[in-house]
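*Asks:* The structure under discussion is supplied below as structure tokens; questions concerning it will follow.
FYI, it's all coordinate maths here, none of it is from the lab. Just so you know, these numbers come straight off a predicted model, no measurement behind them. Positions of Cβ are backbone-derived with ideal geometry, glycine not excepted, and every protein chain shown enters the neighbour counts.
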Amino acid sequence: MNSRNNHCSLVAAITLATAGMVACGGGDGSGIGSISSAGQEKQAVTIRSFGTNVVDDWNRVGVATVTIPAASSGTPEERQPTHDADMATMHVAIYDALAAITRTHQPFMAVMPNDPAVVAMSQEYAVHGAAYTVLSTLFPARSDQYKSLYDTAIASADAAALASAQFGADVARKVLAQRENDGRWTSLTPYVPGTAPGQFRGTNPVNRMRAFLRPFSLKSADQFRPDGPPALGSPEYAADLNETKAMGGATSTQRTESQTENARFMTESPVSFWTRNLRQFATSEPTLIGNARLMAMLMIAQTDASIGCFEAKYFYDAWRPTSAIRLADTDGNAATEPDTLWTPVVPTPNHPEYPGGHSCNTGATAEVLQQEFGTKKIRFSLNSTVTGTTLAFESLDEMNDAVQQGRIHGGMHFRTATVHGRVLGEKVVRQLVREHFKPVSP
């Protein structure tokens, strides 16, 4: 597979569809469209590294800590790690400590201390103290992942450096207090699969608790709940079903080899895919506070987009293409026909179809990057352990499009779910940047 998979031919159509669906659906009442005016964009930006730093170091260690499989005992986080929320907690603590020292941006959770001595503290040691405190509190049994980084730093610390690390730890404890009992252990009633046309048929579906995880920036999990999938009898539903049926089946003759490879690329679990690929942005800014701010924004966006997405998934409880196509004779739509032997080309996740989870996360990620760099024309790359390949993108639209097409061509999603998922992610971030991470006025 070519390292650059360009889907630009559909970008214009998807852009128009996405913008239109913000205007008529989603219901946040903000009046904010999905796509920014091209006249407001800056020149193209190429993501590059300004060199390793302590934010980057702790991101690497944090990922290694939070992605370990769940344990049978220990803290709530050790028994049910929630990778993006746990990483967001660590990065918020890092950011808030640096915001207090630099006084350039408003902290996200912790109150800015009115102490002139804070501004003289070491930024690097404050990061060490903040990150270590979060990980050691949430994951005490996993100290082999993070303790050596902290011990190495502290071993050469003087009194001022130790005071800075202690300040970072104090900030982290304030953040941890606000994230305590975050809902990950909400008791749920057993899931009962639906039997009516349009209802999800899976047993013991995953990620139901996501809807009950406390958001970082959303007012509620359903704040940006989209309008729902098209009615079964509608032309839109028929178009969605027939596209996925033709393009996403295991024996499809319409899907190209490149499209099949892209579908496989997009099947890597978000737990490993995003935690690995987002790390490039921990070194993409020239300042430590800049990298801390961007990583906190990205991880909050990932978490809250996922929370909103899964709330909507289990609210609408929509069936997956496999059920829809095999049972098309029950949907009341004259424009669809059943294929009882149809199977998707790649495995389908065991949770409801609408909206598309990968699109929720990708839409949120793209919106953070657009807000941060002032343009959608950002050159960067993502890689997948499933295919062992790398995709290089010239714009955020290309990334969103590649994910959308991968989920459709993989037979996992209908187009509407991917478009609405992207819009949901964008709305989460638009609110996030309106209300948080603002510069401090002179």
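*Asks:* How big is the equivalent ellipsoid of region 204-244 along its three axes, where each semi-axis is √(5λ) from the Cα gyration tensor, reported in whole Å from largest to smallest? Please report the intermediate quantities before stating the final value.
*Replies:* Details: eigenvalues 174, 42, 12 Å².
For region 204-244, the ellipsoid semi-axes come out as 29, 14, 8 Å.
*Asks:* Rounded, prolate or oblate: pick one for region 303-355, where a ≥ b ≥ c are the square roots of the eigenvalues of its C-alpha gyration tensor, a/c under 1.5 means rounded, and failing that, prolate if a/b is larger than b/c, else oblate.
*Replies:* oblate
*Asks:* I need the trypsin sites (Lys or Arg not before Pro) found in region 164-225, filtered to DSSP loop residues with at most 11 other beta carbons within 10 Å of theirs. Each step should come with its number before you reach the end.
*Replies:* On the way: sites: Arg173, Lys174, Arg179, Arg184, Arg201, Arg208, Arg210, Lys219; in loops: Arg184, Arg201, Lys219.
Answer by residue number: Lys219.
*Asks:* Here's a follow-up. Amide H neighbours of Thr389 under 5 Å, at least 5 residues apart or on other chains, H built in the peptide plane: list them.
*Replies:* Ser384
*Asks:* Using a simple charge model, +1 on the beta-carbon of Lys and Arg, -1 on the beta-carbon of Asp and Glu, nothing else, what dipole does the chain show about its Cα centre, in debye to the nearest 20?
*Replies:* 140 debye
*Asks:* Out of all DSSP beta bridges in the chain, what portion is antiparallel? Express it as a percent rounded to 5. Each step should come with its number before you reach the end.
*Replies:* Working: 8 of 10 bridges.
Antiparallel: roughly 80 percent of the beta bridges in the chain.
*Asks:* Could I ask something else about it? Can you list residues from other chains, or at least 5 along the same chain, whose modelled amide H is less than 5 Å from the amide H of Phe200?
*Replies:* For Phe200, whose amide H was placed from the backbone, the distant partners under 5 Å are Gly194, Ala318, Trp319.
*Asks:* Sequence neighbours fewer than 8 away in the same chain don't count; with that in mind, list the lysines whose C-alpha is under 23 Å from Lys147.
*Replies:* Here the lysines satisfying the reach criterion relative to Lys147 are Lys174.
*Asks:* Shifting gears a bit: Once Lys and Arg get +1 and Asp and Glu get -1 on their Cβ, which of Ala172, Val119, Val206 lies farthest toward the positive end of the dipole of the chain?
*Replies:* Checking the options against the dipole of the chain, the answer is Val119.
*Asks:* Which of Thr390, Thr275, Thr256 moves the most in a Gaussian network model of the chain with Cα springs under 10 Å?
*Replies:* Thr256
*Asks:* Which whole-Hz couplings ³J(HN,Hα) result when phi for each residue of region 173-186 is put into the Karplus expression 6.51 cos²θ - 1.76 cosθ + 1.60, θ = phi - 60°, listed in order with x for Gly and Pro?
*Replies:* So the Karplus estimates, Gly and Pro as x, are 5, 5, 5, 4, 4, 6, 9, 5, 6, 7, x, 5, 10, 4 Hz.
*Asks:* Relative contact order of the chain, please, whole-number percent, based on alpha carbon pairs below 8 angstrom and at least 6 residues apart. If you can, show how the numbers build up before the last one.
*Replies:* Working: 815 pairs, mean separation 109.2, N = 442.
RCO, the chain: 25 percent.
*Asks:* Quick one: net charge around Gly62, please, counting Lys, Arg +1 and Asp, Glu -1 for every other residue with C-beta under 15 Å from its C-beta. Let's see the in-between values first.
*Replies:* On the way: positive: Arg60, Arg142, Lys147, Arg179, Arg276, Arg279; negative: Asp56, Asp57, Glu77, Glu78, Asp84, Asp86, Asp144.
Computed value for this residue: -1.
*Asks:* Right, something else. Dividing the alpha-carbon Rg of the chain by 2.2 N^0.38 Å yields what? The partial results should precede the final answer.
*Replies:* Values: Rg = 22.2 Å, N = 442, 2.2 N^0.38 = 22.3 Å.
Rg over 2.2 N^0.38 Å, computed on Cα atoms: 1.00.
*Asks:* Relative to the compact-globule scaling 2.2 N^0.38 Å, provide the ratio for the alpha-carbon radius of gyration of region 93-160. Spell out each step's value before the answer.
*Replies:* Working: Rg = 13.0 Å, N = 68, 2.2 N^0.38 = 10.9 Å.
The value comes to 1.19.
*Asks:* Can you pull out the chymotrypsin sites (Phe, Trp or Tyr not before Pro) in region 118-225 whose DSSP state is coil and whose Cβ has at most 16 other Cβ atoms within 10 Å?
*Replies:* Numbers: sites: Tyr125, Tyr132, Tyr146, Tyr150, Phe167, Trp185, Tyr191, Phe200, Phe212, Phe216, Phe224; in loops: Trp185, Tyr191, Phe200, Phe216, Phe224.
Of the chymotrypsin sites (Phe, Trp or Tyr not before Pro), the ones in loops of region 118-225 whose Cβ has at most 16 other Cβ atoms within 10 Å are Trp185, Tyr191.
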